Amino acid sequence: MIEGFLEKRMQGFNPGNFLVLKLQITIILMLFSVFFNFFLPFNYFLAVIAVLSAYFLFVLLYEIRNKFSKDFKYFLIIFGGLFVFVHAGWFIQLFLSGAERLNFSFVLLFLLIVFFVVVKLFLGKGFTRGKILSSNGKITVIETGFDIKSFSKGGKQVFETKKKYREGEEAEIELKKGFFGSVKKKLKE
């Protein structure tokens, strides 16, 4: 419903990016709820956990599966792993005492870093693919979709080129990620 509204009203709206944004916002809200559990009665906190978890699982298991059926297993690994880590954080807050909570939090943070390194090493790739929308021999416009394996969002990319490409062809874009998350994109010729 919201996607249809945004697609009509926003030029360049990408439904795949929007679905992933919904997952990311839900994960962030889950993390914030861990910190705010001290201000809510326990029953309200459990209700917040249940609602956020149900929404997250709906988006991941239904909407993402329908939109990204080919790469669904990668979404399940990455976002399912984050879901497990967030629930482990809730467990820490609810059932462990102060010293145990601190020790387990450090272990959980270390495991989360290891998880991201392993995911990046084994699932990550340094390129993405897109469809050529237009090319005149000097400038080429390519539309890409959200690519979980290269960790790049979808959209239109503009490249300076030395040759003309056929419209509708598939092109490969090299991604070189900098230290602080900056991405340099280059059309693979």
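The values are calculated or read from the model by the stated rules, or taken from the named source; none is laboratory data. Computed from a predicted model, the values in this text were never measured in an experiment. A quick note on method: Cβ atoms are made from the backbone with ideal geometry, for glycine too, and the neighbour counts reach across all protein chains shown.
Quick rundown of the values:
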{"read-out": "Test: residue in region 32-44 that is in contact with a His (Cβ under 9 Å, 6 or more places away or on another chain), assigned by TED's automatic domain parsing to the domain that holds residue 18 and closer than 21 Å to residue 105 by Cα", "value": "no"}
{"read-out": "Residues being buried (at least 16 other Cβ atoms within 10 Å of the Cβ) and either in contact (Cβ under 8 Å) with a residue 40 or more places away in the chain or not assigned by TED's automatic domain parsing to the domain that holds residue 30 (or both) - total across region 94-123", "value": "2"}
{"read-out": "Subset of region 51-67 [among the β-branched types (Val, Ile, Thr) and surrounded by 16 or more Cβ atoms within 10 Å (Cβ to Cβ)]", "value": "59, 64"}
{"read-out": "Among the residues listed as 143, 160, the single one being surrounded by fewer than 14 Cβ atoms within 10 Å (Cβ to Cβ) and not assigned by TED's automatic domain parsing to the domain that holds residue 48", "value": "160"}
{"read-out": "Condition check for residue 121: assigned to a strand (DSSP E or B), within 23 Å of residue 24 (Cα to Cα) and among the hydrophobic types (A, V, I, L, M, F, W, C)", "value": "no"}
{"read-out": "Selection from region 142-157 of residues that are of a type outside the set (Phe, Trp, Tyr) and either part of a loop (DSSP other than H, G, I, E, B) or more than 24 Å from residue 19 (Cα to Cα) (or both)", "value": "145, 148, 149, 150, 153, 154"}
{"read-out": "Test for residue 18: is it under 18 Å from residue 154 (Cα atoms) and part of a helix (DSSP H, G or I)", "value": "yes"}
{"read-out": "Residue check, residue 175 part of a helix (DSSP H, G or I), touching a residue at least 24 places away in the same chain (Cβ under 8 Å) and either of a type in the set (A, V, I, L, M) or farther than 30 Å from residue 33 by Cβ (or both)", "value": "no"}
{"read-out": "Criterion (in contact with a strand residue (DSSP E or B) (Cβ under 8 Å, 6 or more places away or on another chain), surrounded by fewer than 12 Cβ atoms within 10 Å (Cβ to Cβ) and free of Cβ contacts under 8 Å to residues at least 40 places away in the same chain) met by exactly one of 70, 138", "value": "138"}
